[in-house]
1. Hey, can you tell me all the residues within the stretch 69-85 that are surrounded by fewer than 14 Cβ atoms within 10 Å (Cβ to Cβ) and either at positive phi or in contact with a Leu (Cβ under 8 Å, 6 or more places away or on another chain) (or both)?
2. Is at least one residue of the stretch 103-110 in contact with a Ser or Thr (Cβ under 9 Å, 6 or more places away or on another chain) and on the phi > 0 side of the Ramachandran plot?
3. Any idea which of (1) within 19 Å of Gly179 (Cα to Cα); (2) in contact (Cβ under 8 Å) with a residue 24 or more places away in the chain is the one Ala287 doesn't satisfy?
4. Of all residues in the stretch 175-187, which are touching a residue at least 24 places away in the same chain (Cβ under 8 Å) and either out of contact with any Lys or Arg (no Cβ under 9 Å at 6 or more places or on another chain) or surrounded by fewer than 20 Cβ atoms within 10 Å (Cβ to Cβ) (or both)?
5. Kindly evaluate Ile47 against the criterion of being within 30 Å of Leu292 (Cα to Cα), surrounded by fewer than 23 Cβ atoms within 10 Å (Cβ to Cβ) and β-branched (Val, Ile, Thr).
6. Mind telling me which of the residues Gly173, Gly142, Gly133 ends up being assigned to a loop (DSSP other than H, G, I, E, B) and modelled with pLDDT of 90 or more?
7. Considering only the stretch 292-331, how many residues are surrounded by fewer than 18 Cβ atoms within 10 Å (Cβ to Cβ) and either over 19 Å from Ala132 (Cα atoms) or among the small types (Gly, Ala, Ser) (or both)?
8. For the condition touching a Gly at 6+ places or on another chain (Cβ under 6 Å), free of Cβ contacts under 8 Å to residues at least 24 places away in the same chain and open to solvent by 10 Å² or more (accessible area, probe 1.4 Å), what is the one hit in Phe139, Phe100?
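The values are calculated or read from the model by the stated rules, or taken from the named source; none is laboratory data. Because the structure is a prediction, the values reported are computed rather than measured. Cβ placement follows ideal geometry from the backbone for every residue including glycine, while neighbour counts extend to all protein chains displayed. Just the protein is used for accessible areas: all its heavy atoms, side chains included, with ligands, DNA and RNA removed. Shrake-Rupley method; radii C 1.70, N 1.55, O 1.52, S 1.80 Å.
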Amino acid sequence: MNRIQAGGPGSDGFREHLRLGRKGLAIGIDIGGTKVAAGVVDADGRILDEARRSTPGTNPRAVEQVIVELVAELGRGHRIWSVGIGAAGWMDLDGGTVLFSPHLAWRHEPLRENLQRLLRRPVLLTNDADAAGWAEWRFGAGRGQDRLVCITLGTGIGGAMVMDGRLERGRFGVAGEFGHQIIMPGGHRCECGNRGCWEQYASGNALGREARILALANSPVAQELLKAVDGDAARITGAIVTELAIAGDAASTELLEEVGEWLGLGLANLAAALDPGMFVIGGGLCAAGDLLVKPARKAFGRNLTGRGFRPAAAIELAALGPNAGLIGAADLSRVSSRMHS
């Protein structure tokens, strides 16, 4: 049922399925480390109804039960065609098994089979970044693009590729881990075990870390940062720095510009490898808007291979906000179930 993500049919036939598959509602579920968000989504990407629960720890059975409860709650007022699940982690190419999830105790977990038995509906399982990228391609900033790369900036960096109307997941299903390209050999240690990964320089965590370093050094330019956390530098986060930058704090703006420059450098590397028509930038850090994107575009242009002699990809902010993941998961489930029913 899930081959849409692994390659699927030819592009022309696939687009015909998208054109014809306009009917039916689907539920999209976005599973995070702290909350499970669900919504009823129509074929135009509109959320008709929503519900949320706290993530019940890491027990796989408890998470499954929360999903069942959400589907039952939302299904009472709607006729549901299928259910799409988006979660951080690696899925197998068939989309039936979660190989690994960083937030939950899923290790080679046959989640799709378990949920289809419990829900008695077609279920699609996908990576949360893939779901968000799909939603932006179908309904958001990437509409009309033949080759789209979506970057999600949050705690780390997530990524997704939609190429010629299909999600590209690589040979083993784990493509899109752009945050772990090594951009500074011997640099900051990453949670993945390597040093110098891109997400150690261009993520919300990186922004917070650099701000804390500045504040702990008791720099005179960090006074607004310290004031925002009552003098406790350990409490400074990327979100706080972003808020201060939007409010006009010079030090926070400078820190955000540095992150934007690292972002642009990494995008130039991806452009050299993938040559997309557009990069869509999503995630919590995008609340900074042009304070982030302008320096990213400048650094991208400065580092792009063949600059001045080739077309350059556009860099745009995502349009669907925090609901992109559940919208994409729902839509993928509807399209995939119609193609393989």
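1. Arg79
2. Looking only at the stretch 103-110, we keep the residues that are in contact with a Ser or Thr (Cβ under 9 Å, 6 or more places away or on another chain), and these are 103-110.
Of the ones still in play, those that are also on the phi > 0 side of the Ramachandran plot are 108.
Yes.
3. All conditions are met except number (1).
4. Step one: filter the stretch 175-187 for residues touching a residue at least 24 places away in the same chain (Cβ under 8 Å), giving 176, 178-179, 181, 183.
Those that are touching a residue at least 24 places away in the same chain (Cβ under 8 Å) and either out of contact with any Lys or Arg (no Cβ under 9 Å at 6 or more places or on another chain) or surrounded by fewer than 20 Cβ atoms within 10 Å (Cβ to Cβ) (or both): Phe178, Gly179, Gln181, Ile183.
5. On the way: within 30 Å of Leu292 (Cα to Cα): yes; surrounded by fewer than 23 Cβ atoms within 10 Å (Cβ to Cβ): yes; β-branched (Val, Ile, Thr): yes.
It is true that Ile47 is within 30 Å of Leu292 (Cα to Cα), surrounded by fewer than 23 Cβ atoms within 10 Å (Cβ to Cβ) and β-branched (Val, Ile, Thr).
6. Details: Gly173 fails: modelled with pLDDT of 90 or more; Gly133 fails: assigned to a loop (DSSP other than H, G, I, E, B).
After applying the criteria, what remains is Gly142.
7. 16
8. On the way: Phe139 fails: free of Cβ contacts under 8 Å to residues at least 24 places away in the same chain.
That would be Phe100, the only listed residue that is touching a Gly at 6+ places or on another chain (Cβ under 6 Å), free of Cβ contacts under 8 Å to residues at least 24 places away in the same chain and open to solvent by 10 Å² or more (accessible area, probe 1.4 Å).
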